1. Please find the FRET efficiency linking residue 81 to residue 120, where r is the Cβ-Cβ separation and R0 is fixed at 45 Å, and quote it to the nearest 0.05.
2. Once label points are set 7 Å from the Cα along Cα→Cβ at both residue 130 and residue 62, what is their separation, rounded to one decimal in nm?
3. May I ask you to sort 89, 112 by Cβ crowding, counting other Cβ atoms within 10 Å and putting the fewest first?
4. Find how much the distance from residue 19 to residue 106 grows on full extension, using 0.36 nm per residue of separation minus their present alpha carbon separation; answer in nm with one decimal.
5. Can you give the extra length, in nm with one decimal, that the chain gains between residue 34 and residue 52 once fully stretched, where that is 0.36 nm per residue apart less the Cα-Cα distance?
6. For a footprinting-style exposure proxy, rank 13, 61, 21, 29 by other Cβ within 10 Å, fewest first.
7. Just name one of 70, 44, 93: the one whose Cα is farthest towards the positive end of the charge dipole of region 44-127 (beta-carbon charges, Lys/Arg +1, Asp/Glu -1).
8. Using DSSP to call loops (not H, G, I, E or B), can you name the chymotrypsin sites (Phe, Trp or Tyr not before Pro) in region 83-127 whose Cβ has at most 13 other Cβ atoms within 10 angstrom?
Amino acid sequence: MHSNMTLPGLESVSIKKVEEVEGAYHIEVEMPRQAQTCPACGNQTSRVHDYRIQKIQHLKVFERTTYLFYRKRRYACSCGKRFAEANPMVDRYQRHSKEWNQALGLRVIQGMNFKDTAAQFRTSQATAIRRFDQVATTELQEVEELPVIKLMLFERSEQSVDGLDFGKKKRENETNDSSTK
Ligand SMILES: [Zn+2]
């Protein structure tokens, strides 16, 4: 499958190889090599330090459990700092892709129960429940903040109420100003 086909969450990623291994999809991916901003000094660098392979569970492809084998590049800056490249797939210290986490977050809210949802995502019930707690906590905070958000809407009418929906990214900038009553 060497093609221009894009997969959800992998639009800006270069797919090196796809193979089926014991009924699962293994997708080898890489980011294009490009200049990075050093988190320590702010200069640009495109000097590659090394690569690490990171295995990440991704959304199922054609109903098969799917893993990304992400060849993560680390860059070296002239200031001495070494750091991993920016990437759209996975947050630091995560074993699941962002797409996978978002989809599970939606499904644990809408799904029938943790057992079926966990099975559908080929993960443990504990992971499904933990994800439910994260989403539920976000939602509860948003409900508590409803009066604040209404006020904000008067002040900044261009903002929609999309932030109240499940699965949408919480707008961080609205939490600080009026957290005290
Ligand atoms: Zn630097």
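Every number in this text was worked out from the coordinates using simple rules, so none of it is lab data. Just so it is clear, the model here is predicted, and its values are computed rather than measured. Positions of Cβ are backbone-derived with ideal geometry, glycine not excepted, and every protein chain shown enters the neighbour counts.
1. Working: r = 41 Å, r/R0 = 0.92.
For R0 = 45 Å, the calculated efficiency reads 0.60.
2. Between residue 130 and residue 62, the label points sit 3.2 nm apart.
3. Going from sparsest to densest Cβ surroundings: 112, 89.
4. Here the answer is 28.5 nm.
5. Details: separation 18, 0.36 × 18 = 6.48 nm, distance 1.70 nm.
So the chain would gain 4.8 nm between residue 34 and residue 52.
6. Sorted ascending by nearby Cβ count, the order is 21, 61, 13, 29.
7. Farthest along the dipole direction, towards plus: 44.
8. 93
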